[in-house]
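The values are calculated or read from the model by the stated rules, or taken from the named source; none is laboratory data. In this text, all values refer to a predicted model and were calculated from it rather than measured experimentally. All Cβ positions, glycine included, derive from the backbone under ideal geometry; neighbour counts span all protein chains shown.
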Amino acid sequence: LATAAAAGTPVFIGSGANWENISTLMQAADGVIVSSSLKRHGQIDQPIDPIRVSQFVEATRRSVANKVKDYQNWEAETRTSPSPIKTI
């Protein structure tokens with residue numbers, strides 16, 4: 001709903017993103033703001049955990065690649081589909 005209401009303006013999710021849910025979130029948004037899920041034990045007062053960062057980056061890459069692939073498939077289908085407008 002937010003993406004539709006934004007009418008072309010990028011939509012970012014401001015909290016709650018982690019490596020386990022990023023693929024779902026990226027289906028509904030153009031990006032996320034991430035912080036505590038990258039910290040050790042998911043605690044904001046802890047240092048950044050390189051393992052959590054790696055998991056998040058890899059999951060995000062897969063998600064974005066799938067989003068691009070879905071768009072390319074949709075674009076190809078749109079180009080090859082017959083036009084719904086008929087000439088008489």
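Which residue, of Arg79, Arg61, is assigned to a helix (DSSP H, G or I) and surrounded by 10 or more Cβ atoms within 10 Å (Cβ to Cβ)?
Arg61
As an exercise: evaluate Leu38 against (1) in contact with a strand residue (DSSP E or B) (Cβ under 6 Å, 6 or more places away or on another chain); (2) at pLDDT below 80 and give the number of the one condition it does not meet.
With respect to (1) in contact with a strand residue (DSSP E or B) (Cβ under 6 Å, 6 or more places away or on another chain); (2) at pLDDT below 80, Leu38 is out only on (2).
Has segment 9-18 got any residue that is in a helix (DSSP H, G or I) and either within 10 Å of the chain's Cα centre (by Cα) or free of Cβ contacts under 8 Å to residues at least 24 places away in the same chain (or both)?
No: segment 9-18 contains no residue that is in a helix (DSSP H, G or I) and either within 10 Å of the chain's Cα centre (by Cα) or free of Cβ contacts under 8 Å to residues at least 24 places away in the same chain (or both).
Are any residues in segment 30-46 touching a Lys or Arg at 6+ places or on another chain (Cβ under 6 Å) and loosely packed, with under 14 Cβ neighbours inside 10 Å, and if so, which ones?
Answer for segment 30-46, where residues must be touching a Lys or Arg at 6+ places or on another chain (Cβ under 6 Å) and loosely packed, with under 14 Cβ neighbours inside 10 Å: just Gln46.
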